[in-house]
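First comes the structure, then the notes that go with it.
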Amino acid sequence: MADGTKDTKSSNQMWGGRFASGPDAIMEEINASIGFDKKLFAQDIRGSIAHATMLAHQGIISAEDKDKIVHGLSTILSEIESGNFEFSRQLEDIHMNIEARLAALIGQAAGRLHTARSRNDQVALDFRLWVKEELQKTEAMLTNLIAAFLDRAEEHAESVMPGFTHLQTAQPVTFGHHCMAYVEMFGRDRSRVRHAIEHLDESPIGAAALAGTGYPIDRHMTAKALGFREPTRNSIDTVSDRDFAIEFLSIAAICGMHLSRLAEEIVIWSTPQFGFVRLSDAFSTGSSIMPQKKNPDAAELVRAKTGRINGSLIALLTIMKGLPLAYSKDMQEDKEQVFDAAESLELAIAAMTGMVRDMTVNTERMKAAAGSGYSTATDLADWLVREAGLPFRDAHHVTGRAVALAESKGCDLAELPLADLQTINPAITGKVYDVLTVEASVASRKSFGGTAPSEVRKQIAFWRARN
């Protein structure tokens, strides 16, 4: 899509005879975009109806021509939606396909539709409308994913599991608390989506090719009719701006990264070595040769989709990085990247929402693992600070010796006899065993945002109120 069109008989009449002969097959192949931009048909028709209505309101075209245009465009919309519209590569793009069909339906009045606009602001409008609608869809899908996590967090606010750093057991946490970490992550994604909608909520139509128009149009009227906050304020920037598409891809890449991290955890947790969760057959597949295998393919594919989304972001950034103002034909390459990333993101969010709701959590396996690796060592150090008055660095040293002793004996900290602990530091009393269980450990973490079940429930209530 751009300022030129192919020189077939029908398109040449619209273009006004600029080219004496048609481009060869290579040019047709590289120039045509109808194969993918036909996805914008609803937005194109919606924008054209708003534009024609404004032109009539301003006395630029007659009410009679406006009515013919609106009726013709509504007919075309029905034809496309019902699968009865024949798209032509010779007409390059969705705009010219629709305009040619409109001319066939209503005759000369169709030629008045393009008054006071260009394909440059037309495609900017169509694409911006499409991205806005996609962001609204993404917002709703993220809300559903957050709701799924809130349900699992509430269910497992007291279910103990190991917390990890470096993928090694660090301190006991609850599975509910772990779920709420993803609520925070996807909540930030949703916030970015909402900001992106606010950023792009300006109407491009009326900027024309790059300089605006001499016709007495009302851009505020079309902006309102199309659901935008206001019209854009600089015609050059309007037709050359693809920030809204890049921002969508940036959001998709960040969200995809979050989905991939979650997918990786599900892959790890579902291994026999961990056994923390089990996915149903709905989200797993078997092996063609090993009957014992149950593979978390849905999670793995979500993880892989992130690569496609990241690639789309880099592609569009690269396309735009060297373009002078205003419009360049390079921008025709923007849509496939966004369409592909949007499809990948939708599928990944839907699959992950299903997995979160579907998976069976093995709380006993998690609890057993939570006590391994001397995960309550920090609780011993904290107890020494609180009860024995040791500086934390000294308590850290004492705890390290206790861990080494437990390792040598092949037991957990809670299984060390009191006499052994007192040989390390005589200030240790029998009360220390009250903090060496994983349940006591998580219950003690009552700082704001901590893993204590009481704090987890507070955060669940907070998010339910805003979700």
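The values are calculated or read from the model by the stated rules, or taken from the named source; none is laboratory data. Computed from a predicted structure; not experimentally measured. Backbone-built Cβ (ideal geometry, glycine too); neighbour counts: all protein chains shown. These accessible areas exclude ligands, DNA and RNA; they are computed on the full protein's heavy atoms, side chains included. Shrake-Rupley method; radii C 1.70, N 1.55, O 1.52, S 1.80 Å.
Among residues other than ARG152 with Cβ under 11 Å from its Cβ, the summed charge is -3 (Lys and Arg +1, Asp and Glu -1). With each label modelled as a point 7 angstrom along the Cα→C-beta vector, the PHE87-GLN58 pair spans 3.1 nm.
Rounded to the nearest 0.05, what FRET efficiency do GLU343 and GLU387 give with R0 = 56 Å and r taken as the Cβ-Cβ distance? Could you check? Display every interim value, and only then the final one.
Details: r = 58 Å, r/R0 = 1.04.
That pair, GLU343 with GLU387, gives E of 0.45.
Over every Cα atom in segment 194-274, the radius of gyration and the widest Cα-Cα span, Dmax, amount to 20.5, 72 Å.
Potential lengthening of the chain between ILE26 and GLU155 amounts to 40.4 nm, from the contour at 0.36 nm per residue minus the alpha-carbon distance.
Among 115-128, 223-236, how do they line up by average Cβ neighbours within 10 Å per residue, starting with the highest? Provide the component values of the computation, followed by the final result.
Numbers: 115-128: 24.5, 223-236: 17.4.
With the highest mean Cβ count within 10 Å placed first, the list reads 115-128, 223-236.
With the charge dipole of the chain set up from +1 on Lys and Arg Cβ and -1 on Asp and Glu Cβ about the Cα centre, the Cα lying farthest toward the positive end among the listed residues GLY430, ALA350, HIS396 is that of GLY430.
Placing unit charges on the Cβ atoms only, positive for Lys and Arg and negative for Asp and Glu, gives the chain a dipole magnitude near 520 debye about its Cα centre.
In the context of the full set of protein chains, the chain has a per residue accessible area of 46 Å² (1.4 Å probe). Between helix 41-57 and the chain, what is the angle of the helix's C-alpha long axis to the longest principal axis, kept within 0 to 90° and rounded to the nearest 10? Between helix and principal axis, roughly 50 degrees.
For a modelled paramagnetic label at ALA440, 7 Å from Cα along Cα-to-Cβ, the residues of segment 151-173 in reach, with backbone nitrogen under 18 Å, are 160-161, 171-173. Residue order by solvent-accessible surface for TYR215, TYR327 is TYR215, TYR327, largest first, with ligands and nucleic acids left out and a 1.4 Å probe.
Of the accessible area of segment 42-120, with the probe set at 1.4 angstrom, what percent is carbon plus sulfur? Can you show the working numbers first?
On the way: 1510 of 3290 Å².
The C+S portion of the solvent-accessible surface of segment 42-120 is 46 percent.
Placing dummy labels 7 Å off each Cα toward the beta-carbon, the span from LYS39 to ALA304 is 2.0 nm. Helix 63-81 axis versus longest C-alpha principal axis of the chain: approximately 50°, rounded to the nearest ten. For segment 316-467, the Cβ-based charge dipole about the Cα centre amounts to some 520 debye (Lys, Arg positive; Asp, Glu negative; other atoms uncharged).
Relative contact order of the chain, taken over Cα pairs closer than 8 Å and 6 or more residues apart, is 17 percent. Could you sort out which of LYS305/LYS446; LYS38/LYS137; LYS367/LYS458 sit more than 27 Å apart by Cα distance in this structure? Result: LYS305/LYS446 exceed 27 Å.
Need the full-extension length gain, ASN234 to HIS114, defined as separation in residues times 0.36 nm minus the C-alpha distance. One decimal, nm. The partial results should precede the final answer.
Working: separation 120, 0.36 × 120 = 43.20 nm, distance 2.04 nm.
Full extension from ASN234 to HIS114 adds 41.2 nm.
Round to the nearest 10 and give me the degree value, 0 to 90, for the angle of helix 334-358's Cα axis relative to the longest principal axis of the chain. The two axes meet at around 40 degrees. Taking the convex hull of the alpha carbon positions in segment 280-396 and averaging its projected area over all directions gives 15.3 nm².
Given the chain, what percent of its DSSP beta bridges are antiparallel, to the nearest 5?
Counting only bridges with both partners in the chain, antiparallel ones make up about 80 percent.
Projecting the Cα positions of SER280, LEU405, LEU313 onto the charge dipole of the chain (unit charges on Cβ atoms of Lys, Arg, Asp and Glu, taken about the Cα centre) puts LEU405 furthest along the positive direction. Here, the chain has an Rg and a Dmax of 30.8, 101 Å when only alpha carbons are counted.
The stretch between GLU264 and SER447 holds 63.0 nm of extra length on full extension. This uses 0.36 nm per residue minus the Cα-Cα distance. When you work out D = kT/(6 pi eta Rh) for segment 31-112 at 10 °C and 1.306 mPa s, using the Kirkwood radius from C-alpha pairs as Rh and the Stokes-Einstein form, the result is 124 µm²/s.
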